[in-house]
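Some notes on the structure that comes next.
The values are calculated or read from the model by the stated rules, or taken from the named source; none is laboratory data. Being a predicted model, the structure only gives us computed values, none of them experimental. Here the Cβ is made from the backbone with ideal geometry for all residues, glycine too, and neighbour counts use every protein chain on show.
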Amino acid sequence: MSFDQLNAELQARKEQSLYRQRRILQSPQSPEVIVDGKACLAFCSNDYLGLANHPDVITALKKGADSFGVGGGASHLVNGHSQAHHALEEELAEFTGRPRALLFSTGYMANIGAVNALLDKRDAVFQDRVNHASLLDAGLLSGARFQRFLHNDSENLATRLKRTEARRKLVVCDGVFSMDGDLAELPDICQTAADHNAWVMVDDAHGIGCIGKQGRGTVDHFDLGGDQVQVLMGTLGKAFGTSGAFVAGSEELIETLIQHARTYIYTTSMSPAIAEATRASLKLVQQDEWRREKLQHLITRFQKGCAQLGVPLMESPTPIQPIMVGEADRAMAISAALEAKGIFIGAIRPPTVPQGEARLRVTLSAAHTDEQLDRLLDALSDVMTQIKQREDA
Ligand code: PMP
């Protein structure tokens, strides 16, 4: 069998400006990066607090490797669960105010594992329409009845919960929506779920570290706890600057995951050195309030700058500040023009976002300076004018 068919599909993606291409980063994560040999100012990393390249985190990683080695060596249930993993789990449980926390090697695996350990075809899962792909995949894989409710619309959720009979009902949403940057309306969603005897799972990949007291995330921001959000997932590859993820919750939840979450059971544990690095970054997340204050300052400055320039932003209170541009080819043209000016921001296109809603997903980090942000605004001003002139011609 030849690959002609695949070639034709790949070609079609290129023609629709949907072709995905990797870039080679030749420097650490930081506002100033080298991409494919060229120095750029990056506004597309999820390293929101600037910890991915922090000296304390790097030192902890090195010491962790000295004490525990680099490789996890085996799955947690065989002999890959080190003292480093165990200590990090205990610290994450305390941080999130939950009895227990369980480490996963990635956020994608945490979502797949948690949803599938809890649900099967006797159950029903209710997902916000714009939930992250890993949550949608988790729900589909579980075989539970799968429903998507309108974005942040708890009335629509209530209607769906009411008319569904199931052994278990699980409502799932992002805490901060990854491509839009807005917060889940958790108080309403949790109340609606409680009224219909459903559990709530929140994926706080983009909220943990950035909002809430000491960076405890979206659930804490809304003053909710384990009684309202029974399953809390957080990732470590974004604000924490390392990699991996955790699920926090009750004793019963975590023991159930250990028994049934296949993406926990059948995979090698994360590097213990990464676990040690994450313990160092957890300390910084909690103690460095200035990083969140700095982010807030940059968010406000960026929003004001865009309003002055007439650059259309989505409404978001978080470091995710998407610029709506419409069609995929337009997003690609703007991204390329910005790159020619030394600004690196990836274009987000369908199917990651709906058709006609391509965007430049600007992300801010506490590591950015005002001067760097102003360079972005200047470049945006030039590029948006240039694109408009080209379109009007
Ligand atoms: N959930 C959300 C909301 C995400 O944005 C991401 C990562 N983009 C994930 C889960 C997956 O996390 P990880 O990168 O650790 O697999």
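Look at Thr106 and say whether it is surrounded by 16 or more Cβ atoms within 10 Å (Cβ to Cβ), of a type in the set (Ser, Thr, Tyr) and in the same structural domain as Gln191 (by TED's automatic domain parsing).
Numbers: surrounded by 16 or more Cβ atoms within 10 Å (Cβ to Cβ): yes; of a type in the set (Ser, Thr, Tyr): yes; in the same structural domain as Gln191 (by TED's automatic domain parsing): yes.
When the stated conditions are applied, Thr106 passes them.
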Every residue from the range 164-197 that is under 17 Å from Met314 (Cβ atoms) and more than 16 Å from the ligand (Cβ to nearest atom):
Glu185
Does any residue of the range 292-306 turn out to be out of contact with any Lys or Arg (no Cβ under 6 Å at 6 or more places or on another chain) and closer than 21 Å to Asp203 by Cβ?
yes
Taking the conditions exactly as written (touching a residue at least 12 places away in the same chain (Cβ under 8 Å), more than 23 Å from Asp227 (Cβ to Cβ), assigned by TED's automatic domain parsing to the domain that holds Val229 and buried (at least 18 other Cβ atoms within 10 Å of the Cβ)), does Asn111 satisfy them or not?
no
Checked the range 29-62 for anything touching a helix residue (DSSP H, G or I) at 6+ places or on another chain (Cβ under 8 Å), of a type in the set (S, T, N, Q) and closer than 17 Å to Arg292 by Cβ; matches are none
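Answer with yes or no whether Thr267 is in contact (Cβ under 8 Å) with a residue 24 or more places away in the chain, of a type outside the set (A, V, I, L, M, F, W, C), within 16 Å of the ligand (Cβ to nearest atom) and in contact with a Ser or Thr (Cβ under 7 Å, 6 or more places away or on another chain).
yes
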Is it true that Leu41 is at pLDDT 95 or above, surrounded by 16 or more Cβ atoms within 10 Å (Cβ to Cβ), in contact with a Leu (Cβ under 8 Å, 6 or more places away or on another chain) and outside the structural domain of Ala336 (by TED's automatic domain parsing)?
no
So which of Thr352, Thr300 ends up being within 16 Å of the ligand (Cβ to nearest atom) and either closer than 30 Å to Leu102 by Cβ or at pLDDT 95 or above (or both)?
Thr352
Check Leu282 against each of (1) buried (at least 17 other Cβ atoms within 10 Å of the Cβ); (2) assigned by TED's automatic domain parsing to the domain that holds Ser30; (3) modelled with pLDDT of 95 or more and name the one condition it does not meet.
(2)
Total residues in the range 128-173, condition free of Cβ contacts under 8 Å to residues at least 40 places away in the same chain, among the polar types (S, T, N, Q) and touching an Asp or Glu at 6+ places or on another chain (Cβ under 9 Å):
3
Is the range 13-24 home to any residue that is within 16 Å of the ligand (Cβ to nearest atom), within 26 Å of the chain's Cα centre (by Cα) and touching a residue at least 40 places away in the same chain (Cβ under 8 Å)?
no
Pairs returned, first residue in the range 60-73 that is farther than 11 Å from Glu276 by Cα, second residue that is surrounded by fewer than 21 Cβ atoms within 10 Å (Cβ to Cβ), beta-carbon separation under 8 angstrom, 6 or more apart or interchain, are Gly71/Thr268; Gly72/Gly80; Gly72/Thr268; Gly73/Asn79; Gly73/Gly80; Gly73/Thr268
Among Pro354, Pro322, Pro312, which is in contact (Cβ under 8 Å) with a residue 24 or more places away in the chain and not small (Gly, Ala, Ser)?
Pro322
Conditions (1) part of a loop (DSSP other than H, G, I, E, B); (2) in contact with a Lys or Arg (Cβ under 7 Å, 6 or more places away or on another chain); (3) surrounded by 15 or more Cβ atoms within 10 Å (Cβ to Cβ) -> Tyr19 fails only (3)
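When you scan the range 13-26, do you find a residue that is small (Gly, Ala, Ser) and modelled with pLDDT of 95 or more, even just one?
Initially, the range 13-26 is screened for residues small (Gly, Ala, Ser), giving 17.
This time we only want the ones that are modelled with pLDDT of 95 or more, so: none.
Taking every residue of the range 13-26 in turn, none turns out to be small (Gly, Ala, Ser) and modelled with pLDDT of 95 or more.
Would it be correct to say that Phe222 is away from the ligand (no atom under 16 Å from the Cβ), closer than 25 Å to Ala133 by Cβ and modelled with pLDDT of 95 or more?
Working: away from the ligand (no atom under 16 Å from the Cβ): yes; closer than 25 Å to Ala133 by Cβ: yes; modelled with pLDDT of 95 or more: yes.
Yes, satisfied.
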